[in-house]
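Below you'll find the structure, written out as structure tokens, and then a few comments.
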Amino acid sequence: MTTQSPNTNILGVDFKPAQNNPLHHTGALSKHLLIVRRGQSFSMHIQFNHPFISGLHKLIFTVTTGLYPGEDIGTKCVFGLPDLVNRSAKAKAIWSVVMDTRMSYLEMGNLHLTVTPPANAPVGKYLLFLDEAGEQKELGSLVVLFNPWCPTDWVYMPEEADRQEYVMNTHGIIYKGTGNYITSMAWDFAQFEEKMVQICLMLLDLSHKHLKDPADDVSARCNPIYVSRIISAMINSEDDRGVLMGRWGDNFTGGTPPSHWSGSYPILLRWLTINCYPVKFGQCWVFGGVMCSVMRFFGIPCRVITNYQSAHDNDRNLLIDVYHPDYGVRDMPSKDSVWNYHVWVEGWMKRPDLRPGYDGWQVLDPTPQERSEGVFWCGPAPVKAVLNGDTDLKYNVPFVFAEVNADCVDWLVKRDGSKVKIFSDSKRVGQNISTKSVGSDKRLNITSNYKHAEGSEEERAVFTYALTRDYSKVDKEEEDEEEESQEPTPDRQTPSERSTTTVNGGGLNGPLVNGTGHGSSSSIVENGRDNITVCPPPLPPRPQITMKFQEVSKPLNGEDVKVNLVLHSDGLVPRILAVNVSVIAMSYNGSPLSTIQSELKEGDSATRRRYSKRRRRDLIIPAVVSFSEYWQPMLNSDVMKISAVVSDTNAPDQVFLAETDLVLIDPPLEIKLLNEPRVFREVVLQVSFVNPVGETLKDCSLTLSGSGLWREEQHVSLPEISPKSKVIVNVCFYPYQSGVKTLVADFDCSMFRDIKSTLGIPVKDSIFFRF
């Protein structure tokens with residue numbers, strides 16, 4: 001209850017946050033600050049020092065948000081009981097109030113009111129005033145959020161299970177690795193931590209749009225399209241005082257390696273603590289995880305998406321050139337690239353600014369890659385537009401379309417600088433697009449949401465159609481800052497209704513020949529999770545050699561990595577082959593960090609056994625990468641790329657390529673509870689780790705985190721761990737929220753970086769804190 005000063009007729013005001021917030025699904029955010037969702041009513045109590053007489057006494061309320069509130073821009077509303085207010089015809093976002101006569105005692109001046117913010121109110125912090133005896137008095141403040149439970153809100157999501165997953169769930173899973181080695185990591189969104197209110201509102205107020213025109217910016221916060229785009233810009237720090245500074249490479253001096261982070265709240269809290277200067281450092285999964293937290297806080301349904309073999313097409317031609325250096329040749333950089341994986345988010349909302357058919361999931365990407373309107377932000381781009389190839393639509397649909405659909409052309413760079421085309425691949429980009437399933441930790445493959453089946457006529461028709469779109473139209477639309485609903489235009493034909501165009505001959509689907517016209521064309525076929533085979537297309541000229549990598553054993557971090565390069569030829573004439581095998585530590589974005597091994601071998605491709613002309617044999621070339629060779633280059637690396645470029649010494653223009661990406665499997669980090677967890681009761685956690693290598697592990701540390709378990713990350717220093725020995729540590733903590741909470745443990749040392757383990761902890765209410 002808020003008590004007023006003695007010179008007012010108002011004795012007290014109670015916004016009843018403890019009762020209202022749980023009804024608005026914000027109870028975990030605060031028990032003291034009223035946090036409501038638009039389009040849904042809340043109750044409040046006012047106590048006067050005199051009886052309230054209907055018809056004689058009138059209540060005139062004013063609610064405002066922002067520094068320059070106005071009725072015609074929806075950031076100010078005057079409403080009353082009874083509602084006899086004369087408003088401007090241009091007034092937007094009209095609030096309302098009614099009296100609950102069952103609970104009000106007018107003769108005692110005791111009023112219980114029900115107030116409803118409209119479903120198109122801007123989100124943010126509001127001040128509520130009451131006109132009393134000709135004088136306006138402030139009653140208090142409240143926060144208004146988007147409402148996915150309200151059918152008239154643009155973020156309305158009809159299924160309760162979806163709302164629980166994409167708005168309320170604080171636990172998430174982010175997928176990493178490669179398309180053949182899909183790995184997962186737990187992520188703590190922590191969108192209901194109490195300081196998230198201050199953090200997320202500050203994030204909007206520091207955006208470039210707000211600093212340029214605060215009145216227009218606050219007014220536009222009624223629109224989830226606009227708000228999500230602002231969040232996309234503010235998660236990175238390229239253009240403003242955003243949350244995260246990105247760094248790609250293996251040097252994270254002066255900050256925290258991206259691999260360390262296990263949740264959003266430590267990052268957002270640090271950003272607030274250091275006066276909103278960027279936190280160092282982030283990469284795509286960190287940007288995506290933090291954005292998902294902010295989106296869910298505001299009430300915009302959101303999920304994290306991973307796209308494997310994700311293209312970064314700089315010149316918008318939907319072609320990615322990949323260069324492979326010949327033996328002894330320096331790497332040739334390319335403006336285009338293919339990332340092993342890339343993480344973005346999808347937000348759920350209506351798109352009345354587009355023609356019908358594009359409501360639902362929208363791609364948003366806070367990772368700074370390309371500028372749009374001079375700013376590093378991306379989306380919202382309708383997933384349906386990406387599927388249909390409608391690259392003339394806003395926002396940033398062409399860029400997202402290329403990420404999942406671009407064609408790749410592989411080139412061998414010779415010593416004289418010339419380039420020989422090895423093959424072209426229309427199926428490599430955009431694989432195993434993944435997200436967490438609703439209500440479980442299973443991986444959901446949503447590739448079909450983004451693209452038609454690879455190699456199908458419709459997929460090629462959409463690709464061709466996307467190339468014909470006028471991108472300049474998109475740029476012009478994106479420069480137009482009008483965010484209000486526009487009149488829909490007639491639906492354009494879908495790809496299935498358009499005529500199908502097939503590119504033949506030397507085009508995208510035809511046979512590919514190297515620079516001299518000799519047949520060395522081939523295509524990639526994925527065989528399970530452990531190899532890539534270069535196989536011939538079904539058109540002449542037929543290649544004489546196929547190659548693949550086979551694992552000898554699982555690639556365990558701490559042990560030697562062993563693979564075999566298997567070459568097969570159908571020819572009967574022996575050939576001398578030059579085989580260049582290289583092992584490179586790679587960043588997940590396709591950038592080489594350092595060379596681990598590089599060697600040139602020669603092999604005889606004779607395919608006849610002496611005892612039988614009909615029998616064939618394969619040429620097997622073993623490759624062993626010892627732990628002593630790779631541990632340091634791989635310390636801050638995501639992937640070990642092993643590749644082989646093979647050429648015939650008598651016909652050097654006949655070139656073949658095979659490569660595989662290995663994700664090292666970390667040694668296990670074991671965690672277990674030693675007693676039953678209850679709110680505000682001591683819980684003992686045991687963590688253990690066995691050193692798998694013959695070297696002493698130094699600079700050992702353990703980081704523990706989890707919303708509802710700790711309010712901040714817990715850091716524990718560990719002693720050095722001798723070779724093959726085990727360390728055990730017990731940690732005590734006091735959970736402060738009930739329910740199933742996710743604990744994430746992170747072990748770091750001199751030879752292993754950020755080994756993680758996750759444990760779901762069911763926290764019960766404490767019998768000593770029941771009321």
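The values are calculated or read from the model by the stated rules, or taken from the named source; none is laboratory data. Since the model is a prediction, treat every value here as computed from it, not as a measurement. Here the Cβ is made from the backbone with ideal geometry for all residues, glycine too, and neighbour counts use every protein chain on show. All accessible areas refer to the heavy atoms of the entire protein, side chains included, with ligands and DNA or RNA removed. Shrake-Rupley method; radii C 1.70, N 1.55, O 1.52, S 1.80 Å.
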Considering region 206-216, residues that are under 16 Å from K125 (Cα atoms) and in contact (Cβ under 8 Å) with a residue 40 or more places away in the chain, and then whichever is most open to solvent (accessible area, probe 1.4 Å), we arrive at D216
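For (1) open to solvent by 10 Å² or more (accessible area, probe 1.4 Å); (2) under 27 Å from M44 (Cα atoms), each residue gets a yes or a no:
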residue	(1), (2)
F129	yes, yes
Q136	yes, yes
G140	yes, yes
N147	no, yes
P158	yes, no
N169	yes, no
Y175	yes, no
Y181	no, no
S184	yes, no
Any helices (runs of 4 or more DSSP H) falling wholly within region 219-326 and containing at least 2 residues that are out of contact with any Asp or Glu (no Cβ under 6 Å at 6 or more places or on another chain) and more than 21 Å from Y395 (Cα to Cα): 265-273, 284-298
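I need the full set of residues from region 350-390 which are part of a strand (DSSP E or B) and at negative phi, in order please.
Of everything in region 350-390, those that are part of a strand (DSSP E or B) and at negative phi turn out to be W361, Q362, V363, L364, S372, V375, A381, P382.
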Say we look at region 293-352 and pick out the residues that are modelled with pLDDT under 75 and among the aliphatic types (A, V, I, L, M); which of these is nearest to S637 (Cα to Cα)? M332
Pairs needed: first member in region 115-136, touching a residue at least 60 places away in the same chain (Cβ under 8 Å) and among the hydroxyl-bearing types (S, T, Y); second member anywhere, assigned to a strand (DSSP E or B) and open to solvent by less than 60 Å² (accessible area, probe 1.4 Å); C-beta distance under 7 Å; at least 6 residues apart or different chains. T116/S96; Y126/V63; Y126/T64; Y126/S141; Y126/L142; Y126/V144
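Given the options S424, S434, name the one that is open to solvent by 10 Å² or more (accessible area, probe 1.4 Å) and among the hydroxyl-bearing types (S, T, Y).
On inspection, the qualifying residue turns out to be S424.
Tell me which residues, restricted to region 405-419, are within 26 Å of T391 (Cα to Cα) and touching a strand residue (DSSP E or B) at 6+ places or on another chain (Cβ under 6 Å).
Across region 405-419, the qualifying residues are A406, D407, C408, V409, D410.
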Restricting to region 237-278, and then to whatever is of a type in the set (S, T, N, Q), over 16 Å from the mean Cα position of the chain (by Cα) and closer than 18 Å to D748 by Cα, can you tell me which residue is modelled with the lowest pLDDT? N251
Failed item in (1) farther than 20 Å from Q369 by Cα; (2) in contact (Cβ under 8 Å) with a residue 60 or more places away in the chain; (3) not in a helix (DSSP H, G or I), with V197 passing the rest: (3)
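Residue under question is W154, and the condition is that it be open to solvent by 50 Å² or more (accessible area, probe 1.4 Å), at pLDDT 95 or above and in contact with a helix residue (DSSP H, G or I) (Cβ under 6 Å, 6 or more places away or on another chain); does it hold?
Here the answer is yes, as W154 does meet what is asked.
What strands (runs of 3 or more DSSP E) lie completely within region 56-124 and have 3 or more residues being at pLDDT below 90 and more than 19 Å from Q136 (Cβ to Cβ)? Step through it out loud before you land on a result.
Numbers: elements: 59-64, 76-81, 96-99, 110-116.
Ranges flagged: none.
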How do the strands (runs of 3 or more DSSP E) wholly within region 649-702 filter down when requiring 1 or more residues that are under 30 Å from F423 (Cβ atoms) and among the hydroxyl-bearing types (S, T, Y): which remain? 651-662
Scanning for something open to solvent by 40 Å² or more (accessible area, probe 1.4 Å), within 19 Å of K672 (Cα to Cα), modelled with pLDDT under 95 and not in a strand (DSSP E or B), does region 738-761 turn up at least one residue? yes
Would you check if there is a residue in region 551-559 being assigned to a loop (DSSP other than H, G, I, E, B), open to solvent by 70 Å² or more (accessible area, probe 1.4 Å), at pLDDT 80 or above and touching a helix residue (DSSP H, G or I) at 6+ places or on another chain (Cβ under 7 Å)? yes
Are there any pairs with C-beta distances below 7 angstrom linking a residue in region 355-375 that is in contact (Cβ under 8 Å) with a residue 12 or more places away in the chain to a residue that is assigned to a loop (DSSP other than H, G, I, E, B) and among the small types (G, A, S), with the two at least 6 apart or on different chains, and if so which? Q362/G379; V363/G379; L364/G379; D365/G379
Selection within region 384-410 - open to solvent by 10 Å² or more (accessible area, probe 1.4 Å) and either closer than 15 Å to V343 by Cα or touching a His at 6+ places or on another chain (Cβ under 7 Å) (or both): F399
Within region 57-103, can you find the residues that are farther than 17 Å from N120 by Cα and free of Cβ contacts under 8 Å to residues at least 12 places away in the same chain? H57, N86, T101, R102, M103
